[in-house]
Amino acid sequence: MLSATILSGCVAPTGVTPAGTPPSVLNQVCGTTPTAKAHSWVDSNRQIVGTINGGPVSQISNFTYPLGLPFEDVMAPTRPGFTTWAPDGKHLATLVEVTNPAGVMSYPFIVDTSTHVATQAQLPANMQMASPIEMEWARERSITWADNNDLLIFSVMPAPLEIGGTSASKTTTYRYNLTTQTLTPLPGVTTAIQGVVRCDTLFYLELSQMKQFQACAPGPGNTTFYWFLGGASLKRYSLTTQTSLGQPYSLGETASCPDYYHGEVDAMGWDVTANGKTLAYQRTVIAGGPLNNPPGYPAVKTTSVFQVVATNNPGTPTPILAGAVSNANAYLAIAPDQKQVAVVASNSLLIGIPSTPDPLVFTGFLNGGAATKHDPSAGGLPAWYADSTGFDTSALWSEVPGVDFPVLEQWQVAAPSAVGTVTGAHHPASLP
């Protein structure tokens, strides 16, 4: 366990002002209904800073480095990454990211926002949260709150492991209780990579087994690498009865090559409204492409459309964000007003090649219509302000562990370009 007191007199990073609306009393409909407002990010000192209920920006966590984690600070600075707030704002959970020779190891920590104490949620022996360094999407939403006292941890696998691929998603999901500091496997949830909870219902992403498609690139010696194609679905699960609900809903297709080429897509962007009734998502379609990777080797072409659909009785999806383009994994988040949606799109798995001429940030409405384009490119999940006027994102590449100069970008829906930046910051998070 890590414990310390926050330093007095902490001030906001240059250029940052508290975001969102003043504090107000919110009615709690269910265990995941927010009763507080908060906005945070990871700063250049590897601490989580932000504002709670409209208060001043200050340091929220007090991590004392080193944390005693394997390979800590060996290949890249160890730092918090994806963060999610408990509904009452009294705790947050974050994934501390450690880069090792095999990729990124994620360690879940819970921070008490009053005492600033950070406590590691210890996973069982030989179980881990690991992902290739380029799979930032797999770390986003891999933890979520079931209520104010229970954190769900997804994508936990024995070593060695594989996310997706020919073995699909074979994972364990744990429920971590803050009071007892104990982990309990969630019965029947054995394929979850990402998830969110809306009242009693857990919505989670699973990947299907991938199958060989066509040649992709030359391998060592006389060997050949191949494209593998698969898919992803969203599943529903009752936390009360601990049973599955309805049928899996297909979100689209996935494609992978052992090297990084245009057309790869590991998963897709998605989110569910606060009442759990509507799913907004990126539907991906894979097709054979021209010979434009290594000479003589075909690519695949990935295209996307953005849609909404009812979760309990999916019928014909309704198109949204007309004109938005994403040829790989997108990051999608619904605004607190439950009317708007923001997307950080991409044309590269590494989110490293800005598309031309289209920018890669889009906003629009859940009831349909054209997407609004915003500049410049970005690189992570949008964190909306409580008043739904704008949001923060990490800048392009800023969520990749080990990047030298991460930047946080600040956006307003009404502005065509980012309205501000914070040097050294990344991984914004918000409540609601």
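Any read-out appearing in this document is the output of simple, stated calculations on the displayed coordinates, not a laboratory observation. Please read these numbers as outputs of a predicted model, since none were measured by experiment. Quick reminder, even Gly has a Cβ in these numbers, built from the backbone with ideal geometry, and neighbours come from all protein chains shown.
Amide H contacts for T311 (H built 1.01 Å from N in the peptide plane; partners 5 or more residues away or on another chain; cut-off under 5 Å): T278, L279. Taking amide H as placed 1.01 Å from N in the peptide plane, I60 has its amide H under 5 Å from the amide H of I48, V49, G50, each at least 5 places away in sequence or on another chain.
Amide hydrogen proximity for L366: with H placed 1.01 Å from N in the peptide plane, the residues at 5 or more positions away or on another chain lying under 5 Å are Q340, V341. Sorting T173, T94 by the number of Cβ atoms found within 10 Å of their own Cβ, with the fewest placed first, yields T173, T94. For the stretch 86-127, the square roots a ≥ b ≥ c of the C-alpha gyration tensor eigenvalues yield an a/c of 1.5 or more together with a/b exceeding b/c, which makes the shape prolate. Is the shape of the stretch 182-261 best called rounded, prolate or oblate, per the rule: a/c under 1.5 gives rounded, else a/b larger than b/c gives prolate, else oblate, with a ≥ b ≥ c the square roots of the Cα gyration tensor eigenvalues? It comes out prolate by the Cα gyration axes. Let me know the shape class of the stretch 38-431, please: from the alpha-carbon gyration tensor, a ≥ b ≥ c as square roots of the eigenvalues, rounded when a/c is under 1.5, otherwise prolate if a/b is greater than b/c, or oblate. Verdict is rounded for the stretch 38-431.
Counting beta carbons within 10 Å around each of D387, D404, D112 and listing the fewest first gives the order D404, D387, D112.
Listing T172, T223, T421 from fewest to most neighbouring C-beta atoms within 10 Å gives T223, T421, T172.
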